[in-house]
Amino acid sequence: MEPFDREGGAERTKSRPGSAGDTGTGRVIVIGPYLRTRRGDGDAQTESSVRDYEARIEEAAGLAGAIDLTVVESVIAPISQIRPATYLGKGKVEEINGLVASNKVELVVMDCALSPIQQRNLEKAWSTKVLDRTGLILEIFGRRAKTKEGALQVELAHLNYQRSRLVRSWTHLERQRGGFGFMGGPGETQIEADRRLISERITKLEGELKKVQATRRLHRAGRQRVPYRVVALVGYTNAGKSTLFNRLTRADVQAADMLFATLDPTLRALSLPHGGKAMLSDTVGFISNLPTQLVAAFRATLEEVLEADIILHVRDISHEDAEAQERDVEGVLRQLGIDADADGGQRIIEVWNKIDRFDPEERDNLRNIAARRPPERPCFLVSAVTGEGIDALLTAIEDRLAAKRITLDLSIDAADGAGISWLHRNAEVLSKELRGERFDMTVRVDETKRDIVMSRFDALPHGT
């Protein structure tokens with residue numbers, strides 16, 4: 001299809017393979033209404049102007065494909081300003097209406113956040129269902145949530161989104177019920193009843209999620225009673241977190257080349273090079289313009305990230321938009337109260353994944369870039385698929401965890417079974433040697449348990 005006139009309509013359209021003659025269900029057009037970069041803005045460019053149009057429209061089409069929609073067209077429609085009524089200008093609305101009619105689509109996805117009025121007006125203009133970016137992500141999350149906790153969080157986010165969409169777009173919302181006789185009053189309108197029912201359901205879900213949060217706190221407290229620390233994986237969706245999770249823990253979490261392939265959080269034991277253990281947590285992937293409803297609703301899950309001792313920021317370094325994705329992930333972390341620079345970078349380790357997609361020369365170039373980074377902000381080049389770089393990453397994780405712990409030497413009576421058992425449960429035993437009737441042990445403990453070990457076992461700092 002030929003590009004539209006630059007002034008009057010979409011700058012470029014792209015037909016999807018296999019779309020010609022496709023008469024299947026779920027036919028969709030994806031529209032990218034991106035603000036043009038203004039001349040002279042310099043560093044004051046908006047986030048919309050920073051992200052490459054091509055990468056953004058491809059991501060939006062990928063989101064639609066993630067729920068088995070057939071994307072027949074993806075259209076970049078640059079706009080100079082956002083129209084309050086329809087987001088797009090009148091001319092572009094008419095042009096897209098022609099695309100909708102000619103392709104016989106059933107849904108138009110707008111890669112932006114629409115107000116309820118804008119969504120309703122576009123549906124009237126195009127005589128088809130319109131879904132914005134927030135609604136599309138909520139739809140994906142609704143299909144992918146498998147656990148009760150995930151379903152609760154998705155439903156809460158969806159209801160908060162739906163509540164703002166209860167505009168008077170259907171005739172039944174204008175009817176009134178109740179109000180019999182002159183004492184009854186005008187009664188309750190249908191739209192008010194819908195809002196009340198949604199509010200009641202939201203209140204109930206929030207109560208259930210508080211129980212989930214309490215349960216997770218109990219689980220974390222249980223983990224803190226043993227010498228296991230938590231390492232959390234975060235990153236842009238489809239950065240390879242689940243594949244890396246499987247590689248590190250030998251688990252079988254679903255991993256696919258798909259946006260939001262996994263949603264529910266998973267915890268597995270992580271074996272460190274020198275025999276230590278940690279807990280590795282795989283969380284939901286982040287994405288640009290992540291709906292605030294999801295950030296709020298998934299706080300119970302994302303608390304695993306908040307409480308983690310180390311955060312592995314997994315990046316798809318082969319992606320053409322890798323730098324923009326990095327900014328998006330850091331933005332979501334800031335929403336959660338995690339600042340990468342707050343502790344000198346000691347909590348976050350950056351992992352550059354998918355280096356197997358580069359040739360040897362490009363890999364050497366990446367290693368040179370990584371070597372020039374500040375020592376307090378190192379990055380590790382890995383391939384979760386081939387295992388390249390995994391050993392170096394595990395060593396770095398172990399060193400970071402060890403830096404927060406204290407090594408002590410002690411001697412304990414071999415007959416003190418309870419004491420030896422306590423040390424194995426509450427400390428990392430680095431060495432244990434029987435000398436006569438006593439065990440000489442070297443253990444590594446958290447600062448919170450240092451005084452207990454030193455007083456109970458007459459322990460001394462290692463090497464003294």
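The values are calculated or read from the model by the stated rules, or taken from the named source; none is laboratory data. All figures in this text were calculated on a predicted structure; none of them were measured in a lab. As a convention, Cβ positions derive from the backbone with ideal geometry for all residues, glycine included, and neighbour counts pool all protein chains shown. For the accessible areas, the whole protein counts, side chains as well, though only heavy atoms, and no ligand, DNA or RNA atoms are used. Shrake-Rupley method; radii C 1.70, N 1.55, O 1.52, S 1.80 Å.
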Residues Gly179, Gly207: which one is surrounded by fewer than 13 Cβ atoms within 10 Å (Cβ to Cβ) and modelled with pLDDT under 85?
Gly179
Of everything in segment 406-435 that's in a strand (DSSP E or B) and out of contact with any helix residue (DSSP H, G or I) (no Cβ under 9 Å at 6 or more places or on another chain), which residue is most open to solvent (accessible area, probe 1.4 Å)?
Arg435
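Can you name every residue in segment 345-396 that is under 19 Å from Glu330 (Cβ atoms), in contact with a helix residue (DSSP H, G or I) (Cβ under 9 Å, 6 or more places away or on another chain) and not acidic (Asp, Glu)?
Keep residues of segment 345-396 that are under 19 Å from Glu330 (Cβ atoms), which gives 345-353, 369-370, 373-374, 376-380.
Now restrict to residues that are in contact with a helix residue (DSSP H, G or I) (Cβ under 9 Å, 6 or more places away or on another chain): 346-353, 378-380.
Matches in segment 345-396: Gln346, Arg347, Ile348, Ile349, Val351, Trp352, Asn353, Pro378, Cys379, Phe380.
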Taking the stated definitions as given, is Thr189 farther than 30 Å from Leu302 by Cα, of a type in the set (Ser, Thr, Tyr) and modelled with pLDDT under 50?
no
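Restricting attention to segment 115-134, report how many residues are open to solvent by less than 10 Å² (accessible area, probe 1.4 Å) and either of a type outside the set (Asp, Glu) or over 22 Å from Glu95 (Cα atoms) (or both).
Just the residues of segment 115-134 that are open to solvent by less than 10 Å² (accessible area, probe 1.4 Å), to begin with: 122, 126, 130, 132.
Within this subset, residues satisfying the condition of being either of a type outside the set (Asp, Glu) or over 22 Å from Glu95 (Cα atoms) (or both) are 122, 126, 130.
Looking only at that region, the number is 3.
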Would a scan of segment 389-405 turn up a residue that is assigned to a strand (DSSP E or B) and either within 20 Å of Ala269 (Cα to Cα) or over 29 Å from the mean Cα position of the chain (by Cα) (or both)?
yes
Do we have any residue at all in segment 419-427 that's touching a strand residue (DSSP E or B) at 6+ places or on another chain (Cβ under 6 Å), under 24 Å from Ala278 (Cβ atoms) and charged (D, E, K, R)?
no
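Working only within segment 70-102, note down all residues that are without any contact (Cβ under 8 Å) to a residue 60 or more places away in the chain and buried (at least 23 other Cβ atoms within 10 Å of the Cβ). So that I can check it myself, show each step before the final result.
Of the residues in segment 70-102, the ones without any contact (Cβ under 8 Å) to a residue 60 or more places away in the chain are 70-72, 79-90, 93-94, 97-98, 101-102.
Passing the criteria: Val71, Tyr87, Leu88.
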What's the total number of residues in segment 86-114 that are more than 12 Å from Gly32 (Cα to Cα) and in contact with a helix residue (DSSP H, G or I) (Cβ under 6 Å, 6 or more places away or on another chain)?
4
Extreme residue, modelled with the highest pLDDT, among residues of segment 337-366 that are within 18 Å of the chain's Cα centre (by Cα) and surrounded by fewer than 14 Cβ atoms within 10 Å (Cβ to Cβ)
Gly337
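Can you go through Val30, Val50 and tell me which one is buried (at least 19 other Cβ atoms within 10 Å of the Cβ) and either at pLDDT 90 or above or of a type in the set (A, V, I, L, M, F, W, C) (or both)? Let's see the steps before the verdict.
Details: Val50 fails: buried (at least 19 other Cβ atoms within 10 Å of the Cβ).
When all the criteria are applied, what remains is Val30.
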Please name all residue pairs, on different chains or six or more residues apart, with Cβ atoms under 9 Å, provided the first residue is in segment 387-408 and is more than 27 Å from Asp440 (Cα to Cα) and the second residue is of a type in the set (Asp, Glu).
Glu388/Asp356
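Please go through segment 313-336 and give me each residue that is modelled with pLDDT under 80 and outside any helix (DSSP H, G or I), ordered by number.
Quick first cut of segment 313-336, residues modelled with pLDDT under 80 only: 335-336.
Leu336 - this is the single residue of segment 313-336 that is modelled with pLDDT under 80 and outside any helix (DSSP H, G or I).
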Please enumerate the residues belonging to segment 269-308 that are surrounded by 17 or more Cβ atoms within 10 Å (Cβ to Cβ) and at pLDDT 80 or above.
Leu270, Leu272, Ala278, Met279, Leu280, Ser281, Asp282, Phe286, Ile287, Ser288, Val305, Ala308
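Among the helices (runs of 4 or more DSSP H) confined wholly to segment 69-160, which include 3 or more residues that are within 22 Å of Gly26 (Cβ to Cβ) and touching a Leu at 6+ places or on another chain (Cβ under 7 Å)? Lay out the reasoning, then the answer.
Values: elements: 90-103, 116-126, 133-144.
The helices (runs of 4 or more DSSP H) meeting that bar are 133-144.
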